[in-house]
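Here the structure comes first, spelled out in structure tokens, and everything after it is commentary.
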């Protein structure tokens, strides 16, 4: 029997492999336009499969959404819209600057903003705590990594 930590590591590695390789086939599909590939991916990856998974795991999920306060549902809708805009930007970056650099920039910015925004909006007092300082130092390293990646991409061109 696998321990929860081992199972979490296996899931994380699997998710990392899928996240890092999902766009790889787009380099080899020559007969479809870029927009057709991403429209198909968006329909399956952002609409059909998530809803099918949710309904498979919890058939009463629709009732949960119905009972949700309107303000909470609006936050989810706005977040989903912004996620969609981010995916359009990411797809455009894949086409213009390539797979490797797109992932570095996207994951770097998402990690930085994902750590910093909650800290600034929900827990400003902990900014100077050991956790806040560790987060800021980590963000500094992310910024260095982004700048090095930009420099490498720029020198490659």
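Of all residues in the stretch 114-127, exactly one satisfies the criterion of being surrounded by 12 or more Cβ atoms within 10 Å (Cβ to Cβ) and within 20 Å of residue 16 (Cβ to Cβ), namely 115.
A search for C-beta distances below 8 Å between a residue of the stretch 23-38 that is more than 18 Å from residue 101 (Cα to Cα) and any residue that is in a loop (DSSP other than H, G, I, E, B), counting only pairs 6+ apart in sequence or on different chains, returns 37/29. Of the helices (runs of 4 or more DSSP H) lying entirely inside the stretch 39-109, the ones with 1 or more residues being surrounded by fewer than 11 Cβ atoms within 10 Å (Cβ to Cβ) and in contact with a helix residue (DSSP H, G or I) (Cβ under 9 Å, 6 or more places away or on another chain) are found at 70-97. Could you run through the stretch 17-27 and say how many residues are over 17 Å from residue 87 (Cα atoms) and modelled with pLDDT of 80 or more? The total comes to 1. Residue check: residue 81 meets all listed conditions (1) within 17 Å of the chain's Cα centre (by Cα); (2) closer than 21 Å to residue 16 by Cα but one, namely (2).
Selection of the stretch 1-38 for residues being surrounded by fewer than 10 Cβ atoms within 10 Å (Cβ to Cβ), over 20 Å from residue 93 (Cα atoms) and under 23 Å from the mean Cα position of the chain (by Cα) yields only 5.
Note on the stretch 8-22: residues that are within 14 Å of residue 103 (Cα to Cα) and part of a helix (DSSP H, G or I) total 6.
Can you tell me which of 127, 119, 146, 139 is more than 28 Å from residue 101 (Cβ to Cβ) and in contact with a helix residue (DSSP H, G or I) (Cβ under 7 Å, 6 or more places away or on another chain)? Reasoning before the result, please.
Details: 119 fails: more than 28 Å from residue 101 (Cβ to Cβ); 146 fails: more than 28 Å from residue 101 (Cβ to Cβ); 139 fails: more than 28 Å from residue 101 (Cβ to Cβ).
Residue meeting the stated conditions: 127.
The values are calculated or read from the model by the stated rules, or taken from the named source; none is laboratory data. Not measured: the values here are computed from a predicted model. Note that each Cβ is placed from the backbone with ideal geometry, even for glycine, and that neighbours are counted across all protein chains shown.
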